[in-house]
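As structure tokens, the structure follows; a few thoughts come after it.
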Amino acid sequence: MSEIKTDWTRQEFKAYLLSYAAHSNYFEAEEETEMILETVSHDQYKKIHRELDKDNDYQSLQKILYNLDKFNYSKEEVHILVEDIQKLFLSD
């Protein structure tokens, strides 16, 4: 499993995942930010964003894999996360 661990809540993990996806084109649109803020508070968003900014892709993917396992996401829950990422991509 991942060598990189976090102490996030499920909501913080989802915010990190959505932020990571939003940054895939190196720009986070206002609509994407608003969608992420539906998941976590503004303070949590800023904390997650600071962490994402310092992580490289390897670290980000390790954190994502760690949290999928940590929170024991089912296939259906992973499917819902993928749908949320698709909504995020379509929001801008």
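The values are calculated or read from the model by the stated rules, or taken from the named source; none is laboratory data. Model, not experiment: these values are computed from the prediction. As a convention, Cβ positions derive from the backbone with ideal geometry for all residues, glycine included, and neighbour counts pool all protein chains shown. Each accessible area value is taken on the protein alone, full model and side chains, heavy atoms only, with ligands, DNA and RNA left out. Shrake-Rupley method; radii C 1.70, N 1.55, O 1.52, S 1.80 Å.
Calculate one ³J(HN,Hα) per residue across segment 37-49 by plugging θ = phi - 60° into the Karplus curve 6.51 cos²θ - 1.76 cosθ + 1.60, and present them in order as whole Hz with x for glycine and proline.
5, 6, 9, 9, 5, 4, 5, 5, 4, 4, 4, 4, 4
Any idea how far apart L65 and D43 come out in nm if each label point goes 7 Å out from Cα toward Cβ?
Roughly 3.4 nm, to one decimal.
Calculate, in nm to one decimal, what E31 and S74 gain on full extension: separation in residues at 0.36 nm each, minus their alpha carbon distance. Walk me through the intermediate numbers first.
On the way: separation 43, 0.36 × 43 = 15.48 nm, distance 2.79 nm.
Extra length from E31 to S74 when fully extended: 12.7 nm.
Just to verify a number: what accessible area does T39 come out at with the full protein assembly present, 1.4 Å probe, Å² rounded to tens?
Spelled out: T39, probe radius 1.4 Å, area about 40 Å².
How much solvent-accessible surface does D43 expose, in Å² to the nearest 10, with a 1.4 Å probe and all protein chains in place?
Around 110 Å² of this residue is reachable by solvent.
Between segment 1-50 and segment 69-92, how far is it from one alpha carbon centroid to the other, in angstrom?
13
Pull up the cross-link candidates among the lysines for K14, meaning alpha carbon to alpha carbon under 17 Å and not fewer than 8 places away within one chain.
K5, K46, K47, K63, K70, K75, K87
Whole-Hz Karplus ³J(HN,Hα) for segment 15-30, in order, using 6.51 cos²θ - 1.76 cosθ + 1.60 and θ = phi - 60°, x for Gly and Pro?
4, 5, 4, 5, 5, 4, 5, 4, 7, 4, 10, 6, 8, 10, 6, 4
Under a 10 Å cutoff between Cα atoms, tell me which one of E32, E76, E12 has the largest fluctuation in the Gaussian network model of the chain.
E76
Taking only protein heavy atoms into account and a 1.4 Å probe, give the accessible area per residue of the chain in Å².
Values: 5800 Å² over 92 residues.
Here the per-residue accessible area is 63 Å².
Let a ≥ b ≥ c be the square roots of the eigenvalues of the Cα gyration tensor of segment 35-92; is it rounded (a/c under 1.5), or, if not, prolate (a/b larger than b/c) or oblate?
Numbers: a/c = 1.58, a/b = 1.09, b/c = 1.45.
Oblate shape, in that a/c is at least 1.5 and b/c is the bigger or equal ratio.
What value, in deg cm²/dmol to 500, does the helix sum -39500 (n - 2.57) over DSSP H runs of n ≥ 4 give at 222 nm once divided by the residues of the chain?
Taken over the chain, the calculation gives -22000 deg cm²/dmol.
How would Y26, Y58 line up by accessible area, probe 1.4 Å, largest first?
So the residues, ranked largest to smallest area, are Y26, Y58.
Report, to the nearest whole %, how much of the accessible area of the chain belongs to carbon and sulfur atoms, 1.4 Å probe, protein only. Each step should come with its number before you reach the end.
Numbers: 3020 of 5800 Å².
About 52 percent, which is the carbon plus sulfur part of the accessible surface.
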